[in-house]
Amino acid sequence: MKTIFLNEKELLALLASWCETFDVYAPNDGKGEDAACSVIGWGKIASKEEFYGVLPDKIAKGVHKTSIKPFFFPQPETLVTFTSDNKPCAPLANTVGQKRLILGVRPCDARSVMLNAMPYRDDPYYQANQNKTVLVGVGCNEKAITCFCEKTGGSPLGTDGLDILITTLGTGFALEALTNQGDELLGSQGAALDEALLAEFTKRRESFAADAQKANSTPSLKGKDLMSLYQSKIWQDLSQSCINCGACTFLCPTCYCFDIQDEAIRKDKGSSNACACGTGGCACDAPSVRRIRYWDSCMFPLFTKHASGHNPRGTKEHRVRNRFMHKLKYFPDRFGALSCVGCGRCIRECPVNIDIREVMTTLLAVD
Amino acid sequence: MTENSFEPKIIAFLCNWCSYAGADLAGVSRFQYPSNIRIVRVPCSGRISPPMLFSALKQGADGILVSGCHPGDCHYISGNLFARRRFALFKNLLEFAGIEPGRVNFTWVSASEGERFADVVSQVTEAVRQLGPFNRF
Amino acid sequence: MNNVNDIITQELRAFASSLLESGEVSAFLGFAHGSLPMTTRPFVAKTPEDAQKLVWNSFCVLNLANYLPALLKSIEPPRGPKDPPPEGPLPKAGVIATGCWSRNIVVQTQENQVDRSRLVIAGVSSRGMVDRKKVLKALDGKEITKIEEKDHDLIVEADGAIKELNRWSVTRDNCQSCVHSSAVVFDHWIGPKLDDRQAPNRFKQIEDIEKMTADERWAWFSKEIETCIRCYACRNACPLCYCETCFVDDSNPQWVGKSIEKADAAIFHLLRAFHCAGRCTDCGACESACPMGIRMRLLTKKLEKDVFELFGDEAGMDASKPLTMTTYKLEDPQGFIFEPKHGQKKE
Amino acid sequence: MSNSYIPYSAIIDDITVETEDASLKTFKLVIENEEERMAWRHNPGQFAMISVPGKGESPIGIASSPTEAGSVLFTIFKIGSVTTALHEMEKGERVGLRGPMGNGFPVDTAFKGKNIVIIGGGYAFTTLRATIAYLLANRQDYGHITVIYGSRSPGMLLYRSELEQWAKRGDISMNVTVDRQAPGWEGLVGFVPTITEKVAPSPENAVAMVCGPPIMIKFTMPPLEKIGWKDEQMYFSLENRMKCGLGVCGHCTCGPLYVCKDGPVLTRTQLKGLPVEF
């Protein structure tokens, strides 16, 4: 894999050239109007001014308001459609559609895509969405007060999940290819790093890696008997102020739970009249029902409620505990990494300021 | 589809005791009215809650008509009076959010007002026809 | 010199701690500091020491009444679902309340959600709470690392630069249009008591929208809700929302879809607002809780305006009066009733 | 990559009303596509997602044994929107079928050569019926088989004709009980825990499958423990709310386990390390 050096002008030209083969997305304020992909807070860009905004030295500090999760896990996503005589349409997932490239991705967000891919390993929809997406990250020069990626196993210059990472270097930018696809995209652009830049680049990488390793609480959390805290009073204290909304889970890049529901398709209302396959050529050009999946949150009482009325996680305390234990204990038990990338969105937006960093500190303090 | 050939679908929620009987009388008396309405019979206009009206709109209705007994005539004494407060606020809220004023209509039709029923339906249908298909959601 | 917030904080701590000390209440509900600038946490003090963590500042944006039904239940002696309630009076809880929160307590009393006799209300005059989003906007979205509050100014530190803001200019919309800033029911008063504010344009925001055409209003409304992620923070922050099963969770029939598509988001917001008709006190908790900055409060404010203008009611001002939607008058206005032009289509 | 979200089309081949109040019906489903039908394999104790398009999906335990090939049986309690819709359907109508899912009972491994005790209450008996049918079809592979099955009243017993047939066989000990004495009932009377205590199957070289309402399970444990049953000999089948059935959606989690994928059959030893969230 190569690392190249570009000045600002060259970088802008390279970004613009990607628009020819990809739909290029970057952080924005609203909801994308793009029919194929409407992601709150991310939109298609094409103009030079917009590219300027995603350069590593121009992009706002910290993470963007919303994560890139909906690119991989759309809200909602059609899984299957049915004809009026209950026949399912059986094409493969939405493999069709233009390849897309997302710019301005922070390393923590990119890492979340990789982490979510673990439970979604056999999910054709997630995989298809991932296969058609190229992630171009920007390294963080500065941390926001809510950032704590190192604590969770990431780093401000982390490369997990990215195809290309752009960082400021000297008077220009270093572009690091991290996958074959990234390597291809960089093509024969720019020059390799000269000796002085390479030394600076390598030194910075090493020092960041060392810092990240030191700060990482994953090993210490995994070393603790967290189940001994299951009955602890901390959950009661935390849940006392929690209002049990889903702001944390829905803004969280690593929360991946969903619900499935059937909806009638209204023939006369245009947009949702297509079959899940999107080819238009399948047996069910006239689906009458679509089965969608949409985000769900373990914070909601309904999440675990049985049809009988019994609810295994019937109280707020249960649910608050489950959210943190899932991120810091259950997920690591199963997949080896914390289900948290330290982006800090939940801390920033929680209406009652529940701070996962404090929860981690409390858990780490247990003997 | 031109404006004139558009035939709106209108869901009419009629109370069992007055308006439904009024509709019946309109039929028996052979007052003609457009066939655009689909009637849902409810025990009382007080039974109608906003979620029902949204369901109708979401599932493809172009207009809505809710009709109950005239104030003072409610079979359950005061159901329509509670409903009147609810509808006053609800209609305003819908319009505030940008739903056209003519989409959702409320009226009173008694069991003896077959003619009024036919008038209401004709005029509501015409108003909704003018508005065109409901495509807000 | 101490500023108003410090005075209130001191008095509040002293009062809460005396109540807890004497055993008159077994919990006192207030706010504690948050971990970030401009945040607070609803906090339940159970001991006099806990009470020292209580604070009062311009960032107490959630409505404490929201916690009361569950809090009162939680301090009752534990008992099984079929056991009779214990004999003698149940334990009490203390709470600090501004005008709107206290009005919500009144509404909760009217709806049998809380027992007034089990509450000790520390009344306070709200000087208006600050809208975090307005402060961020005033600083061009820069990250705020520190904020210091004076009586009339905020000293904000963002990305190294320091900026002074007029406090009132960044208070929430609902606070700026508030006319009942002091608690309407209370057992004890904390801090200086302010006269009711004569907000000159109580419903101006609403009137501005009403002036638009239907299409413009729909465009405004669609834009407003387009970023809704359906997290229900607005619903859950609301002291009026206590239903066992919310309409959004009903599955048979399902009233509202669960996705973020326009129809679903629109129906959700309109119905949520409508459920607050005649009960909402415009406390602004919904808007403050929203992580996406949606101004859903405008819908409830519209209802508040109509309730006031059509029926002359203001929620939570008088516990002895029935709630607007639970009563009627024979002479209620009915200008909205469709009156057909007579005999147009007679055969 | 195969797409596990797409159900098979299945036709309702037969419907049997099981209980006197008609709240439980057994549906015989036949997968339409012959290739898919032939490829269907399941273990006793597994479940599947049955869907009524437009209403949704529900996880239902498979009531038929793998030895009864060609169709799949589901005994379904009418309780939510999907099951209500199913109860209103008729023979010949089409439903969706996704599965089989979960692990099922280890009938071909851990259970081989063992004495088997089957304890069931209410309508949790469905997957146990699958198990009994399987065990009887491979009778020579197992030791003594004891069945304890209780329901509220005789009219609420599932699979009555089969219960009678099994009782006539000499190679299985049937203990069918009802909560209260009812006219015409000549069998056992009493709750499942009481009968368990009376019948008291020995733990020696044995395994027990316990399925039923939580309260029944709670009171069935002490009599078994008293006579020396160990945690690892006891198998439970959990029922959490499920949506995907594939170990992704998160609804059925119980600590780090996904009940749909790692369960629903778990031993008591496994359960002891888990939070009590089922």
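The values are calculated or read from the model by the stated rules, or taken from the named source; none is laboratory data. Just so you know, these numbers come straight off a predicted model, no measurement behind them. Cβ atoms come from the backbone with ideal geometry, glycine included; neighbour counts cover every protein chain shown.
Restrict the check to region C:184-200 and report whether at least one residue is within 14 Å of chain B (Cβ to nearest Cβ) and either touching a residue at least 12 places away in the same chain (Cβ under 8 Å) or at negative phi (or both). No, every residue in region C:184-200 fails to be within 14 Å of chain B (Cβ to nearest Cβ) and either touching a residue at least 12 places away in the same chain (Cβ under 8 Å) or at negative phi (or both). Among the residues of region A:102-112, are any surrounded by 15 or more Cβ atoms within 10 Å (Cβ to Cβ) and either acidic (Asp, Glu) or at pLDDT below 90 (or both)? Yes, the conditions are met somewhere in region A:102-112.
C:Ala51 passes every criterion in (1) over 21 Å from C:Gln10 (Cα atoms); (2) assigned by TED's automatic domain parsing to the domain that holds C:Glu24; (3) surrounded by 21 or more Cβ atoms within 10 Å (Cβ to Cβ) apart from (1).
Okay, residues lined up against (1) part of a loop (DSSP other than H, G, I, E, B); (2) of a type in the set (S, T, N, Q); (3) within 12 Å of the chain's Cα centre (by Cα):
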position: B:Leu57; (1), (2), (3): no, no, no
position: B:His70; (1), (2), (3): yes, no, no
position: B:Phe82; (1), (2), (3): no, no, no
position: B:Ala88; (1), (2), (3): no, no, no
position: B:Gly102; (1), (2), (3): yes, no, yes
position: B:Asn105; (1), (2), (3): no, yes, yes
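Number of residues in region A:181-197 that are in contact (Cβ under 8 Å) with a residue 40 or more places away in the chain, more than 22 Å from A:Tyr52 (Cα to Cα) and out of contact with any Lys or Arg (no Cβ under 9 Å at 6 or more places or on another chain): the value is 4. Restricting C:Ser22, C:Ser35 to those that are of a type in the set (Ser, Thr, Tyr) and away from every other protein chain (no Cβ under 13 Å) reduces the list to C:Ser22.
A single entry from C:Ile294, C:Ile337 fulfils the requirement of being away from chain A (no Cβ under 14 Å), surrounded by 13 or more Cβ atoms within 10 Å (Cβ to Cβ), part of a loop (DSSP other than H, G, I, E, B) and of a type outside the set (Ser, Thr, Tyr): C:Ile337. Considering region D:40-57, and only residues there that are over 26 Å from D:Gly92 (Cβ atoms) and surrounded by 24 or more Cβ atoms within 10 Å (Cβ to Cβ), the residue that is farthest from the other protein chains (Cβ to nearest Cβ) turns out to be D:Pro44. If you check B:Pro34 against the conditions, is it part of a loop (DSSP other than H, G, I, E, B) and buried (at least 22 other Cβ atoms within 10 Å of the Cβ)? No: the conditions fail for B:Pro34. Hey, can you tell me all the residues within region C:257-266 that are farther than 13 Å from A:Glu263 by Cβ and at the interface with chain B (Cβ under 8 Å from one of its Cβ atoms)? Hits for region C:257-266 are C:Lys262, C:Ala266.
Is it true that D:Thr127 is touching a residue at least 40 places away in the same chain (Cβ under 8 Å) and closer than 17 Å to D:Ala48 by Cα? The answer is yes for D:Thr127. Among the residues of region C:297-333, those that are among the basic types (Lys, Arg) and away from chain B (no Cβ under 12 Å) comprise C:Arg297, C:Lys321.
Scanning region C:23-44 for residues that are in a loop (DSSP other than H, G, I, E, B) and of a type in the set (A, V, I, L, M) yields C:Val25, C:Leu36, C:Met38. For region D:75-95, check the following and say yes or no: at least one residue is within 14 Å of the chain's Cα centre (by Cα) and of a type outside the set (Phe, Trp, Tyr). So far as region D:75-95 goes, yes, one or more of its residues are within 14 Å of the chain's Cα centre (by Cα) and of a type outside the set (Phe, Trp, Tyr).
Could you please let me know if B:Leu93 is under 17 Å from C:Trp218 (Cβ atoms), surrounded by fewer than 23 Cβ atoms within 10 Å (Cβ to Cβ) and more than 9 Å from chain C (Cβ to nearest Cβ)? Taking the combined requirement at face value, the residue does not satisfy it. If the condition is being of a type outside the set (A, V, I, L, M) and farther than 12 Å from D:Ser71 by Cβ, then region D:16-31 contributes D:Thr16, D:Glu18, D:Thr19, D:Glu20, D:Asp21, D:Ser23, D:Lys25.
Each row is one residue, and each column tells you yes or no for (1) part of a strand (DSSP E or B); (2) at pLDDT 90 or above.
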residue	(1), (2)
A:Leu14	no, yes
A:Asn28	yes, no
A:Gly43	yes, no
A:Ala46	no, no
A:Gln75	no, no
A:Leu79	yes, no
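Filtering region A:98-156 to residues that are touching a strand residue (DSSP E or B) at 6+ places or on another chain (Cβ under 9 Å), assigned to a helix (DSSP H, G or I) and either over 26 Å from A:Arg291 (Cβ atoms) or basic (Lys, Arg) (or both) leaves A:Pro107, A:Asp109, A:Ala110.
Among the residues making up region C:203-240, those that are of a type outside the set (Asp, Glu) and free of Cβ contacts under 8 Å to residues at least 40 places away in the same chain are C:Lys204, C:Lys211, C:Met212, C:Thr213, C:Ala214, C:Arg217, C:Trp218, C:Ala219, C:Trp220, C:Lys223, C:Arg230, C:Tyr232.
Scanning region C:236-256 for residues that are facing chain B (nearest Cβ under 8 Å) and part of a loop (DSSP other than H, G, I, E, B) turns up C:Pro253, C:Trp255, C:Val256. Summed over region A:238-266, the residues that are closer than 18 Å to C:Val61 by Cα and either free of Cβ contacts under 8 Å to residues at least 24 places away in the same chain or of a type in the set (Lys, Arg) (or both) give a count of 1.
Determine, yes or no, whether D:Pro222 is modelled with pLDDT under 90, surrounded by fewer than 16 Cβ atoms within 10 Å (Cβ to Cβ), in contact with a Gly (Cβ under 7 Å, 6 or more places away or on another chain) and assigned by TED's automatic domain parsing to the domain that holds D:Asp141. The answer is no for D:Pro222. Considering region C:146-171, the residues that are crowded, with 18+ Cβ neighbours inside 10 Å and within 14 Å of chain A (Cβ to nearest Cβ) include one that is farthest from the chain's Cα centre (by Cα), namely C:Ala158.
Note on region D:73-180: enclosed helices (runs of 4 or more DSSP H) holding 1 or more residues that are assigned by TED's automatic domain parsing to the domain that holds D:Val207 and touching a Phe, Trp or Tyr at 6+ places or on another chain (Cβ under 9 Å) are D:126-137, D:160-168. Among the residues examined, B:Ala111 qualifies as within 14 Å of B:Ser19 (Cα to Cα), in contact with a Phe, Trp or Tyr (Cβ under 8 Å, 6 or more places away or on another chain) and surrounded by fewer than 21 Cβ atoms within 10 Å (Cβ to Cβ). Identify all residues within region B:100-124 that are at the interface with chain C (Cβ under 7 Å from one of its Cβ atoms) and of a type in the set (A, V, I, L, M); write none if there are none. Within region B:100-124, B:Ala118, B:Val120, B:Val124 meet the criteria. Of all residue pairs spaced 6 or more apart or on separate chains, those with beta-carbon atoms under 6 Å, a first member in region A:12-26 that is surrounded by 14 or more Cβ atoms within 10 Å (Cβ to Cβ) and a second member that is charged (D, E, K, R) and not in a loop (DSSP other than H, G, I, E, B) are A:Phe22/A:Arg100; A:Asp23/A:Lys44; A:Asp23/A:Arg100; A:Tyr25/A:Lys44.
Filtered by the rule that a residue be free of Cβ contacts under 8 Å to residues at least 40 places away in the same chain and part of a strand (DSSP E or B), region C:132-150 gives a lone residue, C:Glu148.
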